[in-house]
1. Only one of these conditions is not met by A:GLN473: (1) at pLDDT 80 or above; (2) assigned to a loop (DSSP other than H, G, I, E, B); (3) within 14 Å of chain B (Cβ to nearest Cβ). Which number is it?
2. Give B:VAL18, B:VAL48, B:VAL22, B:VAL5 a once-over and let me know the one that is modelled with pLDDT of 85 or more and within 14 Å of chain A (Cβ to nearest Cβ).
3. On the given criteria, is A:VAL298 closer than 30 Å to B:THR132 by Cβ and at pLDDT 95 or above?
4. Taking the condition under 24 Å from the mean Cα position of the chain (by Cα), over 30 Å from A:ILE452 (Cα atoms) and at the interface with chain B (Cβ under 9 Å from one of its Cβ atoms), does A:ILE56 pass?
5. Within 12 Å of another protein chain (Cβ to nearest Cβ) and modelled with pLDDT of 90 or more: does that describe A:ASP77?
6. Kindly list the number of the only condition in (1) modelled with pLDDT of 90 or more; (2) surrounded by fewer than 19 Cβ atoms within 10 Å (Cβ to Cβ); (3) within 12 Å of chain B (Cβ to nearest Cβ) that fails for A:GLU83.
7. Does at least one position in the range A:25-44 carry a residue that is in a helix (DSSP H, G or I), buried (at least 21 other Cβ atoms within 10 Å of the Cβ) and within 11 Å of chain B (Cβ to nearest Cβ)?
8. Quick one: in the range A:194-218, of everything that is over 14 Å from A:ILE118 (Cα atoms) and of a type in the set (Ser, Thr, Tyr), which residue is surrounded by the most Cβ atoms within 10 Å (Cβ to Cβ)?
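The values are calculated or read from the model by the stated rules, or taken from the named source; none is laboratory data. Quick caveat, the model's predicted, so the values are computed rather than measured. For neighbour counting, all protein chains shown are included, and Cβ atoms are generated from backbone atoms with ideal geometry for every residue, glycine included.
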Amino acid sequence: MKKISIDPITRLEGHGKIEIFLNEEGDVANTYFQVPELRGFERFSVGRLAEDMPVITNRICGVCPEAHHMASVKALDMLFGVEPPPAAKKIRELLYMAFFVTDHTTHFYALGGPDFIIGPEAPPSERNILGVIRKVGLDIGRQVIDCRARNHHVIEMLGGRGVHLAGGLPGGWSKAVSENERKEIEKVAKENIDFALFSLKIFDDLVLKNKQYLELVTSDVYLHKTYSMGTVDAQNRANFYDGVIRVVDPEGREFVRYPASDYMQHIAERVEPWTYLKFPYLKNVGWKGLVDGMDSGVYSATPLSRLNVSDSMATPLAQEHFERMFEAFGSKKIDGRYQPVHHRLATHWARLIELLYASEHMLELSQDPEITSPDVRRIPQGIAGVGIGSVEAPRGTLTHHYVSDERGVLTSVNLIVGTTNNYAPMSMSIKRAAERLISKGRLVEEGMLNKIEMAFRLYDPCLSCATHFLPGQMPLKVVIRNSSGEIVRTLQRD
Amino acid sequence: MKTVVIGLGNPILTDDGVGIRVSRMIRDLLAQQQTAGTSGDTIDIKEVYAGGIRLMDAMTGYDRACIVDAMVTGRFRPGEVSEFDPAELCGTRNIVCTHDTNLSTALELGRMLGLHLPSAIKIWGIEARDVTSFSEQLTDEIDCAVPVAARAVLSELQIDADVREAMP
């Protein structure tokens, strides 16, 4: 392969910009997926009062404010050395389940679903939520909108504010749940379960029973045998709000489990000259570049990887579907746990299983006698000075790390956001997709943008704070360069 | 007639917060004037942080919507205020939500499902300078554009208010 020198121009901030470098034979040598980094969060935060962080960090992003709010408030529990009462934890988790339901629903119907339900080859004008609804019926469209609305209402009711919730406090939650609210949430949760089962049925009927799509899901186009990361409870069941971080190796053996507060012993961040965003990797495996396999520290933190690290699901219906998915991929059990599935498009399936789990768990919490307890807050008595909080955001493990002085004024802040975890695997999937579309200098231009986009869309990357300059769903520009670095083709969505 | 004024953007991402700031200025002016309610007309002010279906949700139930957003086009001077119809809305920054869909698709979805959506939608875009650094402060020229955009929206609503009243 000819040595590629990266022109400084490739360091310019792009907006979902992808650079593809060809070798002398005209095959793909390398691909670079550039994500603009938002700057100065550390500087912005230092000097503020730590307790302001849940209402500041939830503004980082308009899409996943609930995840930031929860990771932040958990970091504050530790920073102030205070353990919230059980009811407060349950209220947080209840709200968080409602959030997962809205987020996963939106992703499936508006983003991921169109590729399967309408088809990857369909023109972009049809490959969107409108196309999905034309195909599955207006009634489903209403259900999607209703599902979002009723869960947003729950979030507002529990969180005190619709989008940028304000309920979280160090040591608990600011407001107890009344019996009337509880009843309403219970009803919403039941509707969510029906909706999740129904969504899985759509996936079953339209994807798994369609030979072409099933082949797409199970083919090796987007197969990467990486490590998997996710949060599990004491019984090694998937948990979105609390537990320990578990990492399994590409063959499914547990590599490590650690409390979120130990993340720095396990995760390091690789800096590459061509991008501002860092690549987190498993420190104790090491960085071998953007490659998969047992010796590469690249890991994934997605709905699929969360199921890969779990022995089982904590709710009965989700468990049935969990087993069904692993069986469908012919996954065998090792030490009582299914071997991981590495077919990345199965992430869409895993997301629906998580939707069902979130709905069922929401029902459990809404029926928990303790959920209406007025004991929702413990007042912090001191300042420990360091707080690390972590939750599973819909798009990967999210970690907030704060250090404060003795007054609780922040002196340092570090965040590892969900999407960043998956930067390396996303880049690998993009390369794989490009390799299938470019050979000996010939490009398959038909549907190229969408096929490349499918590679990262399955990770549900949340770059929404920084990537909306062009029309369309996801601004995307693909630049193809020959072995001398000259641009041979630029593709851009109109 | 029910009107909604929506400030769109991220309040901690420097100039991306300009839409939110304009909506807050309008809210303060209307609070002083207490114009709403005099003729059965209402004006609600909302802050929205992501586009797509979320933005469509915020407009549901209204007859008229005014949206203020930051934009990065490179075609205008930073701080310049421009008015758009939804048909040309690709110019502004947050209307498109990478997490779900763009506004025109979201609006079509809403209409397909029979939701009550505004028949009149106007969008004001303010050319931004910096939308990738964390800060609650707008850059200078963009800060100056806040009353200009607020006045443009108020004039669309045929409300005679002195924006200087709401300036700090």
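1. Answer for A:GLN473: the failing condition is (1).
2. Values: B:VAL18 fails: within 14 Å of chain A (Cβ to nearest Cβ); B:VAL22 fails: within 14 Å of chain A (Cβ to nearest Cβ); B:VAL5 fails: within 14 Å of chain A (Cβ to nearest Cβ).
Result of the check over B:VAL18, B:VAL48, B:VAL22, B:VAL5: B:VAL48.
3. Values: closer than 30 Å to B:THR132 by Cβ: yes; at pLDDT 95 or above: yes.
Answer is yes for this residue.
4. Values: under 24 Å from the mean Cα position of the chain (by Cα): yes; over 30 Å from A:ILE452 (Cα atoms): yes; at the interface with chain B (Cβ under 9 Å from one of its Cβ atoms): yes.
Yes: the conditions hold for A:ILE56.
5. Details: within 12 Å of another protein chain (Cβ to nearest Cβ): no; modelled with pLDDT of 90 or more: yes.
It is false that A:ASP77 is within 12 Å of another protein chain (Cβ to nearest Cβ) and modelled with pLDDT of 90 or more.
6. (3)
7. To start, the set of residues in the range A:25-44 that are in a helix (DSSP H, G or I) comprises A:41-44.
Checking which are buried (at least 21 other Cβ atoms within 10 Å of the Cβ) leaves us with none.
Scanning the range A:25-44 turns up no residue that is in a helix (DSSP H, G or I), buried (at least 21 other Cβ atoms within 10 Å of the Cβ) and within 11 Å of chain B (Cβ to nearest Cβ).
8. Filtering the range A:194-218 for residues that are over 14 Å from A:ILE118 (Cα atoms) and of a type in the set (Ser, Thr, Tyr), the one surrounded by the most Cβ atoms within 10 Å (Cβ to Cβ) comes out as A:SER199.
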